[in-house]
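**Student:** Quick one: the structure is below, and I'll ask about it shortly.
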Amino acid sequence: MIVAVFLSGCSAYIAPKNTLHTTTSFYNEVSFNSFLLKNTSQVALWLGRKVDNKYLVEPINVIILDEESRSDEESISLVETALDDAGYNKRCGHSSGYIGVINKKPFKQVPREFSIAYSNNNFWKINNHGRLFGPYTVKAKERMYIGQFSRESFSLFSLVNHGYVSFSAARDDFIKKVTQCASLKYIDNIDALNKISSNIFTSKDHDGKIKVLLLKK
C-alpha cells in the first residue's frame with residue numbers, strides 16, 4: 001500500500017516549454033543551469049505541485065569543489081563518504097532521473113540509483129534530501145558538482161506525497177552538518193539570481209544564494 005502510493009508520485013513533472021532557463025556564471029570560468037532539470041531544455045517541477053497557485057521550481061543551491069581526486073570515480077566516492085559521515089546517506093523513496101547542465105554538458109544525478117537521494121532521514125518523515133550533478137573538470141585537478149537540497153514532509157493520503165517545506169533550511173542544515181562532521185569546508189557564497197517569483201513559477205523561500213564547499217582529505 002505504502003509503496004504503491006509512493007511510486008505514484010515519483011515522476012518528474014516538466015515546466016511549460018520555453019520558460020525558465022537561467023544560467024549562472026561561476027568564477028568567470030564555468031556556467032551552469034541554475035535549476036533542477038528534467039532534460040536539457042526543460043525545468044523539472046516539484047512533482048507537478050503548485051504552491052500559492054504557482055509551479056514550484058527547484059533551484060541549485062550548493063556547489064562542491066574537489067581538488068583532491070585523481071579520477072571521477074574517486075571523486076564520487078570521496079564526496080559520498082563525506083556526506084555519509086555527515087548523516088546525509090543514500091536513502092530510497094525519492095524521485096530520480098534529474099539532470100544538471102554545466103558548461104552546456106548534461107550530467108545525470110548522483111546518486112545514480114533509481115529512487116535514491118542523499119537524505120538525513122527516511123522519506124516518510126520530515127527530511128532534507130538532495131542530489132548532485134557532475135563531476136565536471138574545471139581544471140586539470142579540480143572537479144565541480146552542482147547540487148539541489150530541499151526539505152520535505154510526507155503525507156500518505158495526498159496525491160503528491162512529498163510536500164515542500166523549505167529550500168533554504170535544507171541547504172543551511174546540509175552546510176552545517178558537512179562542515180562539522182565531514183571533510184568539507186565552506187569557502188564562498190555566490191549570488192545565482194535564481195530566486196523566482198512570477199505569475200507562473202516560484203522558488204518559494206530560496207534566497208538566490210549558492211553555498212560553495214571545498215572537499216578536503
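**Student:** Every residue in the range 64-75 that is in a helix (DSSP H, G or I), open to solvent by 10 Å² or more (accessible area, probe 1.4 Å) and within 9 Å of residue 143 (Cβ to Cβ), please.
**Tutor:** Once the filter is applied, which keeps residues that are in a helix (DSSP H, G or I), open to solvent by 10 Å² or more (accessible area, probe 1.4 Å) and within 9 Å of residue 143 (Cβ to Cβ), the range 64-75 yields only 72.
**Student:** Here is a follow-up. Do you know which residues across the range 119-142 are open to solvent by less than 30 Å² (accessible area, probe 1.4 Å) and modelled with pLDDT of 95 or more?
**Tutor:** 119, 127, 128, 129, 130, 131, 132, 133, 134, 135
**Student:** Scan the strands (runs of 3 or more DSSP E) fully inside the range 78-185 and keep the ones with 3 or more residues being hydroxyl-bearing (Ser, Thr, Tyr).
**Tutor:** Passing ranges, in order: 142-154.
**Student:** Here is a further query. Within the bounds of the range 109-118, is there any residue that is touching a residue at least 40 places away in the same chain (Cβ under 8 Å), surrounded by fewer than 21 Cβ atoms within 10 Å (Cβ to Cβ), in contact with a Ser or Thr (Cβ under 6 Å, 6 or more places away or on another chain) and not basic (Lys, Arg)?
**Tutor:** Among the residues of the range 109-118, at least one is touching a residue at least 40 places away in the same chain (Cβ under 8 Å), surrounded by fewer than 21 Cβ atoms within 10 Å (Cβ to Cβ), in contact with a Ser or Thr (Cβ under 6 Å, 6 or more places away or on another chain) and not basic (Lys, Arg), which makes the answer yes.
**Student:** Out of all the residues in the range 84-104, which are in contact with a Cys (Cβ under 9 Å, 6 or more places away or on another chain) and either open to solvent by 50 Å² or more (accessible area, probe 1.4 Å) or more than 12 Å from residue 116 (Cβ to Cβ) (or both)?
**Tutor:** Across the range 84-104, the qualifying residues are 85, 86, 87.
**Student:** Going residue by residue through the range 177-195, is there one that turns out to be of a type in the set (Phe, Trp, Tyr), in contact with a helix residue (DSSP H, G or I) (Cβ under 6 Å, 6 or more places away or on another chain) and open to solvent by less than 20 Å² (accessible area, probe 1.4 Å)?
**Tutor:** Scanning the range 177-195, I find no residue that is of a type in the set (Phe, Trp, Tyr), in contact with a helix residue (DSSP H, G or I) (Cβ under 6 Å, 6 or more places away or on another chain) and open to solvent by less than 20 Å² (accessible area, probe 1.4 Å), so the answer is no.
**Student:** Right, something else. How many residues does the range 54-88 hold that are of a type in the set (S, T, N, Q) and either under 14 Å from the mean Cα position of the chain (by Cα) or modelled with pLDDT under 95 (or both)?
**Tutor:** 3
**Student:** Which of the following residues is β-branched (Val, Ile, Thr), touching a Pro at 6+ places or on another chain (Cβ under 8 Å) and either exposed (fewer than 15 other Cβ atoms within 10 Å of the Cβ) or farther than 19 Å from residue 209 by Cα (or both): 40, 81?
**Tutor:** 40 is the lone residue from the list that is β-branched (Val, Ile, Thr), touching a Pro at 6+ places or on another chain (Cβ under 8 Å) and either exposed (fewer than 15 other Cβ atoms within 10 Å of the Cβ) or farther than 19 Å from residue 209 by Cα (or both).
**Student:** Still on this structure: With the structure loaded, tell me whether residue 153 is touching a helix residue (DSSP H, G or I) at 6+ places or on another chain (Cβ under 6 Å), open to solvent by 20 Å² or more (accessible area, probe 1.4 Å) and modelled with pLDDT under 95 or whether it fails that test.
**Tutor:** Taking the combined requirement at face value, the residue does not satisfy it.
The values are calculated or read from the model by the stated rules, or taken from the named source; none is laboratory data. Owing to the predicted nature of the structure, the values given are computational and were not obtained by experimental measurement. For neighbour counting, all protein chains shown are included, and Cβ atoms are generated from backbone atoms with ideal geometry for every residue, glycine included. All accessible areas refer to the heavy atoms of the entire protein, side chains included, with ligands and DNA or RNA removed. Shrake-Rupley method; radii C 1.70, N 1.55, O 1.52, S 1.80 Å.
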